[in-house]
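Here's the structure we're looking at; comments come further down.
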Amino acid sequence: MKRLVVKIGSNILSDEKEGLDTKRISSIASDIVELQGMGYEVVIVSSGAVAAGMRKLGLKQKPKEIKLKQAAAAVGQSSLMWAYERSFAEHGKKVGQVLLTREDVSDRKRYINAKNTLLTLLSYGIIPIVNENDTVVTDEIKFGDNDHLASLVSILVEAERLVILSDVEGLFMQDPRYSPSAELIREVEEITCDIERLAGGTGSAVGTGGMYSKVLAARKATSHGIAVHIVTGKKKGLLVALIRGRQHGTYFRPVENRISHRKGWIAYSTRSKGSVVLDDGAVKAITGMGRSLLPSGIVSVEGDFELGDPVFCVDRQGRKIAKGLTNYSSADLKKVMSKKTSEIEKILGYKYSDEAIHRDNLVIL
């Protein structure tokens, strides 16, 4: 089976005045059912719960307080799911709700469990509707936006494509809201710093992600060999036309040498607990020679972390160059940093490993 993740933003499904657009949801459901008929398994990552709840609570602006946002999500989530369930039921299809927090993908066991749940739903022909669990999420465990969540879900289920439905047609050379004649970028071979700068800006009144977050999501997904499309979500039949080969929006080409799923999990799903600052020799060894990080290459340790925690590796200028799972706690690394591996056991009284971070658990950023 071919597998597709479709991310649908709040500004496609609703607005702050009208609440949920059930006609739009019904139209998207019809397209997705047609994709299933073409042999695709489809996972939906849907925003809209908070926006739907805003109208029920009589809120005219997106809530900033976390407790009010959680209340809006609790009120709106049932409306959102009911709209999906009713729309897909018209085609004899069933949906399943999957609510995630950052902890569900940063913990390896919960990551595998979430993957198994999604794949089991797909095996039964059920369309998973994934959203962030806004009713319990806090700043410490939130994904940030559903573009980021969609990229992680596409990696999680090993999708072939990620399609991000937006309120604009794709990535432009200038912001089309202020430059009506702005040129649409049809294809992006590689997501460079220049491409990221082009995507700068803010989102809508009811959404959290702008074009910048979508480009960052595309970077994560394409690094795993997943093709990414950013297209408008306001045209019926466009999803089907896109999969049939017609050019729409902006296409981000997947990289040829994709990273492994384990390293992808380390790079994008885990939350760093601290950082280690490297000398120039260590930076060269891990980035240019594929070496592990040894304690001798560490000049300082920041944060409070334990064995097995994810940490950033930064150079002397503070630039993040890698991320990995440490073999020692921050307290122990402070004792052995800048020391030879032969001195570790003498200093600590034990030696778990020669490496501070083994190259198998180290991802170059």
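Quick notes on this one:
- Single residue of Gly53, Gly39 found to be farther than 20 Å from Ser14 by Cα, in the same structural domain as Asp147 (by TED's automatic domain parsing), without any contact (Cβ under 8 Å) to a residue 40 or more places away in the chain and out of contact with any Pro (no Cβ under 7 Å at 6 or more places or on another chain): Gly39
- The single condition among (1) assigned to a loop (DSSP other than H, G, I, E, B); (2) touching a residue at least 12 places away in the same chain (Cβ under 8 Å) that Gln317 does not meet is (2).
- Test: residue in region 69-83 that is in a helix (DSSP H, G or I), closer than 27 Å to Pro254 by Cα and touching a Gly at 6+ places or on another chain (Cβ under 6 Å): no
- Note on region 34-59: residues that are assigned to a helix (DSSP H, G or I), surrounded by fewer than 19 Cβ atoms within 10 Å (Cβ to Cβ) and not basic (Lys, Arg) total 4.
- Filter pass, Tyr124 being loosely packed, with under 15 Cβ neighbours inside 10 Å, farther than 30 Å from Asp309 by Cα and not aliphatic (A, V, I, L, M): yes
- Candidates are the residues of region 332-350 that are outside any loop (DSSP other than H, G, I, E, B) and without any contact (Cβ under 8 Å) to a residue 12 or more places away in the chain; the one that is surrounded by the most Cβ atoms within 10 Å (Cβ to Cβ) is Glu343.
- Single residue of region 60-83 satisfying the filter (surrounded by fewer than 18 Cβ atoms within 10 Å (Cβ to Cβ) and more than 28 Å from Gly125 (Cα to Cα)) that is farthest from the chain's Cα centre (by Cα): Lys60
- Within region 248-262, being among the polar types (S, T, N, Q) and within 15 Å of Glu158 (Cα to Cα) holds for one residue alone: Ser260.
- Exactly one residue among Gly264, Gly303, Gly288 is touching a strand residue (DSSP E or B) at 6+ places or on another chain (Cβ under 6 Å) and of a type in the set (Gly, Ala, Ser), and that residue is Gly303.
- Residue satisfying all of: in region 222-235; of a type in the set (Ser, Thr, Tyr) and not in a loop (DSSP other than H, G, I, E, B); nearest to Ser154 (Cα to Cα) among these: Thr222
- Contacts under 6 angstrom Cβ, first residue in region 238-253 being in the same structural domain as Ile195 (by TED's automatic domain parsing), partner part of a loop (DSSP other than H, G, I, E, B), 6 or more apart: Leu238/His248; Leu242/His248; Gly249/Glu169; Gly249/Gly170; Thr250/Gly170; Thr250/Leu171; Thr250/Ile185; Arg253/Glu189
- Residue list for region 1-22, restricted to those being within 14 Å of Met81 (Cα to Cα) and at pLDDT below 90: Ser10, Leu13, Ser14, Gly19, Leu20, Asp21, Thr22
The values are calculated or read from the model by the stated rules, or taken from the named source; none is laboratory data. Predicted model only: the values in this text are computed from it and were never measured. With ideal geometry, Cβ positions are generated from the backbone for all residues, glycine too; neighbour counts draw on all protein chains shown.
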